[in-house]
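Engineer: Here it is: the structure, laid out below.
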Amino acid sequence: MTEPVHDPAKHVDLYIPPGHEKGEELSTVQRVSYSFVRGLLAGVFKLYFRVEVIGREHVPEAGGFVVSPSHRSNLDTPIICVITKRRLRYMGKESLWKSRFGGWFLTSLGGFPVQRGSADREALRAAMQVAERGEPLVMFPEGTRQSGPKIEAEHMHDGPAYVACRANVPILPIGMAGTEAAMPKGSKFVRPVKIVIVIREPLLPPPHDPAKRVPRRVVRELSETLRDDVQLAFDEARARAGFPDGY
């Protein structure tokens, strides 16, 4: 049985199954669980939201990469699984692991917690290990949910670019439209709104010596390019979904 793991630095008790505190490799049970749940969700999303994915050919078929989507709704995390049948790993806010069932369920699907609003170095190290192992990793560049049609520079985090540079893996810029209209902040209901996901070509980090630190300038420049590409993907997704001025 999973017992709460107390983290003195974060002053919370998190329910994380032993051996999966730091984004470790998925077990056979986790792999089967993910495949089953992913197939179920993809079917439901396709029927209920008429999900359309543009640019699926840009998703790498092998190796690690960072999935960096726009973030407007709690739907974004589960719905991003439709872009590929490959098993995605997720960094999630630590509060999602405060319940026994939530902690078990999220971990069984390959998630691991991150302390939101701070430089959680342990979570970043785990993220780099996941990417270096050749697994796709979901990291929302805006951090928490935002609203409106713009990917604002002040909301961007350097985490995805940092992990991509350190692990030497590409970043996949993605725009998702319709999720905010389907389930905005504070909503208790999910509306059957058409959702469009646009995937742009992967961004490759500049080559560097792995024995040396990645210059902050390089990370910032990659983050800026990522923001521009996510904005382009978001604009196209909104236009295709019928929300050119919002969502």
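Read-outs: derived from the displayed coordinates by stated rules, not from any lab. Being a predicted model, the structure only gives us computed values, none of them experimental. Because the Cβ atoms are built from the backbone with ideal geometry, glycine has one as well, and the counts that use them run over all protein chains shown.
Engineer: Using DSSP, restrict attention to beta bridges with both residues in the chain and report what percent are antiparallel, rounded to the nearest 5. List each step's numbers first, then the result.
Structural biologist: Values: 9 of 25 bridges.
Just about 35 percent of them are antiparallel.
Engineer: Turning to a different aspect of this structure: Just tell me, in residue order, which DSSP H segments of the chain are both 30 angstrom or longer along the helix axis (alpha-carbon based) and at least -0.5 in mean Kyte-Doolittle hydropathy.
Structural biologist: 28-49
Engineer: By the scheme Lys and Arg +1, Asp and Glu -1, what is the net charge of all other residues having a beta-carbon under 10 Å from that of Arg87?
Structural biologist: Charge balance near Arg87 sits at +4.
Engineer: Taking the dipole about the Cα centre of the range 4-241, with the C-beta of Lys and Arg at +1 and of Asp and Glu at -1, give me whichever of His208, Ala123, Trp104 is farthest to the positive side.
Structural biologist: So the residue furthest toward the plus end is Trp104.
Engineer: Here's something else I'd like to know. Rank-order 95-103, 148-156, 171-179 by packing density, defined as the average count of other C-beta atoms within 10 Å over each peptide's residues, highest first.
Structural biologist: Result, highest mean first: 171-179, 95-103, 148-156.
Engineer: Follow-up. For semi-axes √(5λ) of the Cα gyration tensor in Å, pick the label among (i) 26, 23, 17; (ii) 36, 19, 17; (iii) 27, 19, 18 that corresponds to the value derived from the coordinates.
Structural biologist: (i)
Engineer: Given Pro113, His155, Ala167, which one lies farthest toward the positive end of the charge dipole of the chain, if we put +1 on the Cβ of every Lys and Arg and -1 on the Cβ of every Asp and Glu?
Structural biologist: Farthest towards the positive end: Pro113.
Engineer: Which entries of Lys85/Lys194; Lys85/Lys150; Lys22/Lys98; Lys93/Lys188 show an alpha-carbon separation above 27 angstrom in the structure shown?
Structural biologist: Exceeds cut-off: Lys85/Lys150.
Engineer: When only Cα pairs under 8 Å and 6 or more residues apart are kept, what is the percent relative contact order across the range 4-241?
Structural biologist: Computed over the range 4-241, the figure is 26 percent.
Engineer: Could you give the size of the charge dipole of the range 153-198 about its Cα centre, using +1 on the Cβ of each K and R and -1 on the Cβ of each D and E, expressed in debye and rounded to the nearest 20?
Structural biologist: Working: 5 positive and 3 negative charges, 58 e Å.
Here the size comes out at about 280 debye.
Engineer: Also, I was wondering about something else. About its Cα centre, how strong a charge dipole does the chain have in debye, to the nearest 20, once Lys and Arg get +1 and Asp and Glu get -1 at the Cβ?
Structural biologist: With Lys and Arg at +1 and Asp and Glu at -1, about 480 debye.
Engineer: Largest first, please: the extent of the C-alpha atoms of the range 57-176 along each principal axis, to the nearest Å.
Structural biologist: Extents along the principal axes, in whole Å: 36, 33, 28.
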